[in-house]
1. What is the helix-to-structure angle for 2-21, meaning the angle in degrees between its Cα long axis and the longest Cα principal axis of the chain, kept from 0 to 90 and rounded to the nearest 10?
2. Once you wrap a convex hull around the alpha carbon atoms of the range 1-56, what is its projected area averaged over all directions, in nm²?
3. Could you give me the ³J(HN,Hα) list for the range 54-65, computed from phi with Karplus coefficients 6.51, -1.76, 1.60 and θ = phi - 60°, whole Hz, x at Gly and Pro?
4. Using square roots of five times the C-alpha gyration tensor eigenvalues, list the equivalent-ellipsoid semi-axes of the range 25-68 in whole Å, biggest first.
5. Per-residue ellipticity at 222 nm for the chain, helices alone: DSSP H runs ≥ 4 residues times -39500 (n - 2.57), over residue total, nearest 500 deg cm²/dmol?
Amino acid sequence: MVTQLKQTGEFVQECWVELQRVTWPDWAQLKNATLVVIVFCLLVSLVIWIMDLASRFFIDVIMGIFGA
């Protein structure tokens, strides 16, 4: 139990040291990255929506052929 507490303390200390080494983005970089993520999500949503419409159309055509 004592060794686990020591190891946990060492882990937290090493994490803190690593966080000090991180280069954090400034406000402009953060805004740009957020905009890129939003645009990418919108594009992927658009592609999925178009694929849904196309698959629905083809399924309706196939079902129409077989009279369902």
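Readers should treat all values here as calculations from the given coordinates under stated rules, not as data from a laboratory. It should be emphasised that the depicted structure is a prediction, and the values quoted were computed from it without experimental measurement.
1. 70
2. Averaged projected hull area, Cα only: 7.6 nm².
3. Rounded to whole hertz, the list is 5, 5, 5, 4, 5, 5, 5, 5, 5, 5, x, 4.
4. Ellipsoid half-lengths, sorted descending, are 42, 4, 4 Å.
5. Numbers: 2 runs with 59 residues, N = 68.
Rounded to the nearest 500, the figure is -31500 deg cm²/dmol.
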